[in-house]
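**Q** Mind having a look at this structure? Questions to follow.
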Amino acid sequence: MTDMRSKVILLPGCFECCIKCLGGVPYASLVATILCFSGVALFCGCGHVALTGTVSILEQHFSTTASDHALLSEVIQLMQYVIYGIASFFFLYGIILLAEGFYTTSAVKELHGEFKTTACGRCISGMFVFLTYVLGVAWLGVFGFSAVPVFMFYNIWSTCEVIKSLQTNVTVPGDQICVDIRQYGIIPWNAVPGKACGPILENICNTNEFYMSYHLFIVACAGAGATVIALIHFLMILSSNWAYLKDASKMQAYQDIKAKEEQELQDIQSRSKEQLNSYT
């Protein structure tokens, strides 16, 4: 019977503790972190595989001489290493921003308790606002850059669809419809063959490398867009938290001054009472 009463008494306390813990979770920062991780993972993973497939397509169909696309291969390999660095950096940066969200949420919710915001904490929050803004602008450029291969692959795919639609029309031969990769500037003009026409181009569009690379570039572009949205979300959260911390510091300064004045008033009253008692 005693155990049942103790359980009944403990349950409300556990419930209140859980509610308090859930109330301190920065849900906005958590959603932004999940979106950032998802976007970066899609961009890095799909972009890495799509770049490898692009090199394979160029070597097999558009540039049979290794020296013609040697520079492009080095650039793509460098971009793959950059992708590794981006994935590692944003994994750590997302965790740091989530921790900063927990810090600012606790600082605002426990303003009247023992927890105190510091000038260092406000400076760190301001630094994160600036850094997130810079990263957001940079990722806008990444998003635009990732749309370029999607545009190129879409042109090739649409040309293949035109060739397929002309197979029933004998008056317009499909051999006259070509795609010249050299016009995009990714391989030099002396690259051989440099272009693909008619059935050869149609066979390229039917390969697994082209199909996978095209769709992976689309997903990578979507991942870059999701990362931009996540960084904008982070920027709004950090700006709001910084403003809250700034107001909290002013409130703390006001409370400290008020407490000091009340203490001085009490000291004056106690001294006046002592003097009055001494006179009497």
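The values are calculated or read from the model by the stated rules, or taken from the named source; none is laboratory data. Quantities reported herein were computed from a predicted structural model and do not represent experimental measurements. Heads up, the Cβs are rebuilt from the backbone with ideal geometry, glycines too, and the neighbour counts pull from every protein chain shown. Keep in mind that these areas ignore ligands, DNA and RNA; they rest on the heavy atoms of the full protein, side chains included. Shrake-Rupley method; radii C 1.70, N 1.55, O 1.52, S 1.80 Å.
**Q** Check VAL192 against each of (1) buried (at least 19 other Cβ atoms within 10 Å of the Cβ); (2) in contact with a Ser or Thr (Cβ under 7 Å, 6 or more places away or on another chain); (3) not polar (S, T, N, Q) and name the one condition it does not meet.
**A** It is condition (1) that VAL192 fails.
**Q** Can I ask one more? Taking the condition at pLDDT below 85, assigned to a helix (DSSP H, G or I) and either over 30 Å from TYR133 (Cβ atoms) or touching a His at 6+ places or on another chain (Cβ under 9 Å) (or both), does GLY13 pass?
**A** Taking the combined requirement at face value, the residue satisfies it.
**Q** Only one of these conditions is not met by SER125: (1) more than 30 Å from LYS195 (Cβ to Cβ); (2) at pLDDT below 75. Which number is it?
**A** Unmet for SER125, out of (1) more than 30 Å from LYS195 (Cβ to Cβ); (2) at pLDDT below 75: (2).
**Q** Please name all residue pairs, on different chains or six or more residues apart, with Cβ atoms under 6 Å, provided the first residue is in the range 54-74 and is under 19 Å from PHE217 (Cα atoms) and the second residue is open to solvent by 40 Å² or more (accessible area, probe 1.4 Å) and of a type in the set (Asp, Glu).
**A** SER56/GLU209; ILE57/GLU209
**Q** What tally of residues in the range 41-50 results from selecting those that are closer than 22 Å to CYS205 by Cβ and surrounded by fewer than 21 Cβ atoms within 10 Å (Cβ to Cβ)?
**A** Counting residues in the range 41-50 that are closer than 22 Å to CYS205 by Cβ and surrounded by fewer than 21 Cβ atoms within 10 Å (Cβ to Cβ) gives 1.
**Q** Which one of LEU78, LEU71 is surrounded by fewer than 14 Cβ atoms within 10 Å (Cβ to Cβ) and either at pLDDT below 85 or of a type in the set (D, E, K, R) (or both)?
**A** Checking each option against the conditions leaves just LEU71.
**Q** Need pairs with beta-carbon distance below 7 Å; first residue within 11 Å of TRP242 (Cα to Cα) and within the range 119-137, second at pLDDT 85 or above and open to solvent by 30 Å² or more (accessible area, probe 1.4 Å); sequence gap 6+ or separate chains.
**A** Within 7 Å, the pairs are VAL129/LEU235.
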